[in-house]
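S.K.: Quick one: structure below, then a few questions.
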Amino acid sequence: MKLEINNKINLGDQTELVHEVHDCQVVEKGESLYITYINSEKEKVVIKCQEQELTMTRYSNPKSIMRFHSEFPALVAIPTPLGIQQLKTETSHFVTHWDDQRVRIDYDLKQAETDALFAAYELELKWY
């Protein structure tokens, strides 16, 4: 199978468009759908999709975990050149289209302590 990732990233006055296509494996287990692929940095990535939550784990060194919930902010720890940054995701749009094999998540990435906006994202995942 293939995984197509489209991400529109708004960094204040700058916008970046990301388009990636990767070979992937898709497995359903209980109420969850797992998508596994190798990213362009040769790291394993596992996406766990549920009706109201998505978790993306990148097996880098150190490991990076992003969480998105349809109703609640989610805390995340992201490794950066400045060390581990404590951030949170606030999701404004979370829609799963299981029949069309896609998920759409619009979210803001904010500083956990100050609520300062780091960037706004429009992420769409499609698998086929």
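S.K.: Using Cα centres only, tell me the gap between the range 70-128 and the range 1-56 in whole Å.
M.R.: Rounded to whole Å, the Cα centres lie 12 Å apart.
S.K.: Note down the nm distance, to one decimal, between modelled labels 7 Å out along Cα→Cβ at N39 and at E16.
M.R.: That separation, rounded to one decimal, is 1.1 nm.
S.K.: Further question: Taking only Cα atoms and a 10 Å spring cutoff, compute GNM fluctuations for the chain and point out the largest among D23, D108, D100.
M.R.: In this elastic network of the chain, the residue with the biggest mean-square fluctuation among D23, D108, D100 is D100.
S.K.: Could you tell me the relative contact order of the chain? Use alpha-carbon pairs under 8 Å, at least six residues apart, and round to a whole percent.
M.R.: Relative contact order comes out at 21 percent.
S.K.: How many nm separate the modelled label positions at Q25 and L82, each set 7 Å beyond the Cα in the direction of the Cβ?
M.R.: 3.8
S.K.: Please enumerate, by chain and number, the aspartates and glutamates with C-alpha under 15 Å from the C-alpha of K2, excluding those fewer than 8 residues away in the same chain.
M.R.: Filter leaves E20, D23, D100, E124.
S.K.: Filter the GluC sites (Glu not before Pro) in the range 55-128 down to the DSSP loop ones having no more than 10 other Cβ atoms within 10 Å, then list what survives.
M.R.: The qualifying sites are E71, E113.
S.K.: Sorting L82, L54 on the 10 Å Cβ count, fewest up front, what's the list?
M.R.: With the sparsest Cβ surroundings first, the list reads L82, L54.
S.K.: Which longest uninterrupted range of the chain lacks any trypsin sites (Lys or Arg not before Pro) assigned by DSSP to a loop state (not H, G, I, E or B) and surrounded by at most 15 other Cβ atoms within 10 Å?
M.R.: With trypsin sites (Lys or Arg not before Pro) excluded where exposed in loops, the chain gives 64-128 as its longest stretch.
S.K.: Under 21 Å Cα-Cα from K63, which lysines qualify once same-chain neighbours fewer than 8 residues away are excluded?
M.R.: Those lysines meeting the cut-off are K42, K44, K48, K88, K110.
S.K.: Dipole magnitude of the chain about its Cα centre, charges +1 at Lys/Arg Cβ and -1 at Asp/Glu Cβ only, in debye to the nearest 20?
M.R.: So the magnitude is around 480 debye.
S.K.: Another question, if that's okay. Which ordering of W98, W127 is given by a fewest-first count of other beta-carbon atoms within 10 Å?
M.R.: Ordered by Cβ neighbours within 10 Å, fewest first: W98, W127.
Quick note: the coordinates plus some simple rules give every number you see, no bench work behind them. Keep in mind it's a predicted model, so treat the numbers as computed, not measured. As a convention, Cβ positions derive from the backbone with ideal geometry for all residues, glycine included, and neighbour counts pool all protein chains shown.
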